[in-house]
Structures are given as structure tokens and as C-alpha cells.
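The values are calculated or read from the model by the stated rules, or taken from the named source; none is laboratory data. It should be emphasised that the depicted structure is a prediction, and the values quoted were computed from it without experimental measurement. Here the Cβ is made from the backbone with ideal geometry for all residues, glycine too, and neighbour counts use every protein chain on show.
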Amino acid sequence: MDEKRLKRFADVLIWGLKTARKGRFKRNDIVMISYDPPSTPLLETVYSRCIEMGMNVVIRGGITFKMEREFYKKAKNPQLTFIAPGEEELYRKLNGIIHLRSPASLTHLMDVDPKRIGKVMVSRKRLRNIIERREEEGHFGWTLCIYPTKALAKMARIPLKRYEELISKACFLDMDDPVSEWKKIYKRSQKIKRWLNSLDIEYLHIRSKNIDLRVYPGERRKWVGISGHNIPSFELFISPDFRKTEGIYFADQPSFRNGNYVEGVWLQFKGGRVIEARAEKGDDFLKKQISIDRGAKRVGEFSLTDKRFSKIDRFMANTLFDENYGGKYGNCHLALGMSYSDTYSGNPKELTKEKKKELGFNDSALHWDLINTERKTVTAYLRSGKELIIYKNGEFMIDL
């Protein structure tokens, strides 16, 4: 990316970081920038902006894909679960994280036992719990983006230059003032969320060629999204009551996860739990991932993307873009694993572990977004007994 677009990208990420935090940033707050080596040009620009804001910046560089492979192949159990001294203390004081992801490989862990990957995920969950609690209290915010790499372009089957152009288009970096465009979308999304949150929904029935699924929002829930957390992000989502999901879900979009490729995921839910799972490709990885803990077979998120917002109209080989696909019919995605506490309609500070369990917020080290782009209808069955189609042909059924 040229310098002009790097600066625009940095501007959007700073907007995302500020928007995502419930509290306000102040000078000398601690912000971590987590990056993969290929994203160094963007890292330098974002770092400069954070320093200008008066932030204390901590840099965390990701290891190369060769190092990651060596780690998972050779590390003993104590090494897999090792967390460096001082890491928890740092996380208890962090006010923000900006993730710059730029993978140099997407399939380098395909011959690694998924149980070893799961062990690392479970061991690091306590760090995620710390920052999740800080976010609920208004002390922390985060945002995330993708920087283009040859590996991403290759798996999306397009030239790198074209991939860069599509990222710019999706994030509005081809505009003189992309932040203004994000603010407009943010404002328009508020109208949809107010409408959805005004409905007293007992359950949602999602139907497409390969989906016949009932999702129950649960008590004390609200729809959220387009909040600055992801750049880009056009999805509106809810963390439903994990105990009640019923039916069939199918992901027609492939998924690259933890150095593995998975395609054609088919799931059957009964009593809120996956009772049967299979994948056309990556079946063993799928089965082991959803067995890493008790919550991995349950739903943590259900999401819908309105095609009127998103300019993403093709497979990008990355979940951040694919879960925001607009195209002809928009998309929905279902995430197995961890719920998001910001979908609680009350004060997030009230959400103790016991309260989350009582309300059906799922807990897991996993959070895996599985995407469907088929033509679909989503019908809300209200507690009043009425039925209302809320989403059809890629759009929420409300004028914007």
C-alpha cells in the first residue's frame, strides 16, 4: 500500500479503537499493537499515530509461520501452556489492542494434531478473560484489521495487487475521508439495531437451501455490531441462549483457521448442542476443534450482514472479510464457542460468571465463525404470537 492509503488505514483503525471502547482514552493509557511481520509498513504508521495521541505503546510481534510450525511440532506440554511472567500483569493494565494481521501462510499447520492447538487456546483463555472483563468495565477497547499478503491473495485466487484494491474498497481507503464514511455507516446501523431491539423475539427461524435452524436470542439481549471492533465490519449480531439452538446449519464458505483449511461444514444441533458435525474437507480438524472444551459445541454468536453496507462481493480467504460478505444475498454466520458480553442489554459490569451461565451466555476457548452466503429468509417469532420476516435476500426489512 502507498503512504496515502497507509495513513487512511491508520486513521480508520484509530477511529475503530476509540469507537470500540465504552470509556474514553486519555494520555498515557497503555495500547498494545499486535502485528505479523508483513504488516510492518502499517505498524509504523499506526505506531506514530498512537504516540501522537500520548499513548504508551507496547509492541507484540507475531512469530513467523515457520516458527509457529516448529512450536506446535516440537513443544512439550509445559511449553504449549507456558505464559511469560508479567503477561497477566500487563493484560490487567491494558487499555487497548490494535491487531494487525497479515498471515504469510494459511495452511502451515495442516499436519499438526488439532489437540495441541486446542491446548494452547485453552491455556491462554485466562488472558482473554482479563481483557474481556476490562472491556465490560469500560477500561479497554480493541480493533482488528487485515494487511494484504501473497498468501491471502493466492488462497483467494487473485493477484496481490487486486487483493490490495479489494481491501481498500472494503475499508473505504479509496476515499479521501474514509473515517467519515465509517461514521455514516455507524449511524445508519443504529436504526437497524433500534428496530431489532424493539422486537420481543422468542426465536429466529433461518431458512436457506441448506439451513433450517432455530436460534433463541434469550433474556436480556441486544443486537450489536459495526462498533469499531473490526475493520471492516458490517455485521449485526447477537449472542443467543446457547441452551436452545435447534436444527441444521451449513457453511458454504470455506474457512482458514489455525493453519488449517476447512470446507463444507455441516452441523446438527439438538438441545443447544452439536450432536453431529462433518466437513467435506478438514473433517478431523473440525471434530477436534469442537471438542476442546464443553462450550465448543454450542453457539456463541449469530450474525447477519446487510448487503447495502458491504462492498465485499467475493471470497477473500479470511474470516474478517468473508463474515462481512455483501454480494447478492448478504450472509449470515454462526460462531461456535465464546459469547460476546456486549450483547447483554444491561450493565456489562453485572455479568458475573454465574450470571452469564444463568442467562445462557456461552463460555469457551473457541470462537469460530462459520459463514453462509446462500439466499435466505430469517423470520422472527415474537412472544406475542406474531411472525415477522426481519431479513430477506441480503437485506434487513427496514428502509435506510
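Among the residues of region 195-235, those that are part of a strand (DSSP E or B) and of a type in the set (D, E, K, R) comprise Glu202, Arg207, Asp212, Arg214, Arg221, Glu235.
Does any residue of region 301-323 turn out to be in a strand (DSSP E or B), out of contact with any Cys (no Cβ under 8 Å at 6 or more places or on another chain), of a type in the set (A, V, I, L, M) and touching a residue at least 40 places away in the same chain (Cβ under 8 Å)?
No, because not a single residue in region 301-323 is in a strand (DSSP E or B), out of contact with any Cys (no Cβ under 8 Å at 6 or more places or on another chain), of a type in the set (A, V, I, L, M) and touching a residue at least 40 places away in the same chain (Cβ under 8 Å).
Scanning region 333-380 for residues that are closer than 26 Å to Glu276 by Cα and hydroxyl-bearing (Ser, Thr, Tyr) yields Ser339, Tyr340, Ser364, Thr373, Thr377, Thr379. All of (1) modelled with pLDDT of 95 or more; (2) over 20 Å from the mean Cα position of the chain (by Cα); (3) outside any helix (DSSP H, G or I) hold for Met110 with one exception: (1).
Could you go through region 276-283 and let me know if any residue there is within 16 Å of the chain's Cα centre (by Cα) and in the same structural domain as Asp369 (by TED's automatic domain parsing).
Within region 276-283 (the criterion being within 16 Å of the chain's Cα centre (by Cα) and in the same structural domain as Asp369 (by TED's automatic domain parsing)), the answer is no, since none of the residues qualifies.
Within region 43-55, not a single residue is buried (at least 18 other Cβ atoms within 10 Å of the Cβ), modelled with pLDDT of 95 or more, in a strand (DSSP E or B) and touching a Phe, Trp or Tyr at 6+ places or on another chain (Cβ under 7 Å).
Residues in region 295-302: is at least one in contact with a helix residue (DSSP H, G or I) (Cβ under 6 Å, 6 or more places away or on another chain) and either of a type in the set (S, T, N, Q) or surrounded by fewer than 24 Cβ atoms within 10 Å (Cβ to Cβ) (or both)?
no
Among (1) part of a loop (DSSP other than H, G, I, E, B); (2) surrounded by 15 or more Cβ atoms within 10 Å (Cβ to Cβ), which single condition is Ile83 missing? It is condition (2) that Ile83 fails.
In the set Arg221, Arg214, Arg257, Arg207, only one residue is more than 22 Å from Glu350 (Cα to Cα), touching a Ser or Thr at 6+ places or on another chain (Cβ under 6 Å) and in contact (Cβ under 8 Å) with a residue 24 or more places away in the chain; that residue is Arg207. Close Cβ contacts (under 8 Å, 6 or more residues apart or on different chains) running from residues in region 133-157 that are farther than 17 Å from His99 by Cα and assigned by TED's automatic domain parsing to the domain that holds Asp11 to residues that are assigned to a strand (DSSP E or B) and of a type in the set (Phe, Trp, Tyr) comprise Met155/Phe256.
Scanning region 353-396 for residues that are surrounded by fewer than 15 Cβ atoms within 10 Å (Cβ to Cβ) and free of Cβ contacts under 8 Å to residues at least 24 places away in the same chain yields Lys353, Glu354, Lys355, Lys357, Glu358, Gly385, Lys386, Glu387, Ile389.
The residues of region 6-20 that are in contact (Cβ under 8 Å) with a residue 40 or more places away in the chain and either touching a His at 6+ places or on another chain (Cβ under 8 Å) or surrounded by fewer than 19 Cβ atoms within 10 Å (Cβ to Cβ) (or both), listed by number, are Asp11, Gly16, Lys18, Thr19, Ala20.
Rundown of residues vs (1) hydrophobic (A, V, I, L, M, F, W, C); (2) in contact with a Leu (Cβ under 9 Å, 6 or more places away or on another chain), yes/no style:
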{"site": "Glu219", "(1), (2)": "no, yes"}
{"site": "Glu235", "(1), (2)": "no, yes"}
{"site": "Ile238", "(1), (2)": "yes, yes"}
{"site": "Tyr261", "(1), (2)": "no, yes"}
{"site": "Lys270", "(1), (2)": "no, no"}
{"site": "Lys307", "(1), (2)": "no, no"}
{"site": "Phe315", "(1), (2)": "yes, no"}
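Kindly evaluate Thr107 against the criterion of being among the hydroxyl-bearing types (Ser, Thr, Tyr) and either surrounded by fewer than 16 Cβ atoms within 10 Å (Cβ to Cβ) or under 25 Å from Arg294 (Cα atoms) (or both).
Working: among the hydroxyl-bearing types (Ser, Thr, Tyr): yes; either surrounded by fewer than 16 Cβ atoms within 10 Å (Cβ to Cβ) or under 25 Å from Arg294 (Cα atoms) (or both): yes.
So Thr107 passes the test.
Take the residues of region 148-163 that are crowded, with 18+ Cβ neighbours inside 10 Å and in a helix (DSSP H, G or I): which is nearest to the chain's Cα centre (by Cα)? Going through the qualifying residues, I end up with Leu152. Looking across region 329-365 at every residue that is in contact with a strand residue (DSSP E or B) (Cβ under 9 Å, 6 or more places away or on another chain), part of a helix (DSSP H, G or I) and among the acidic types (Asp, Glu), the one that is farthest from Gly295 (Cα to Cα) is identified as Glu350. Scanning region 200-226 for residues that are of a type in the set (Gly, Ala, Ser) and over 12 Å from the mean Cα position of the chain (by Cα) yields Ser208, Gly218.
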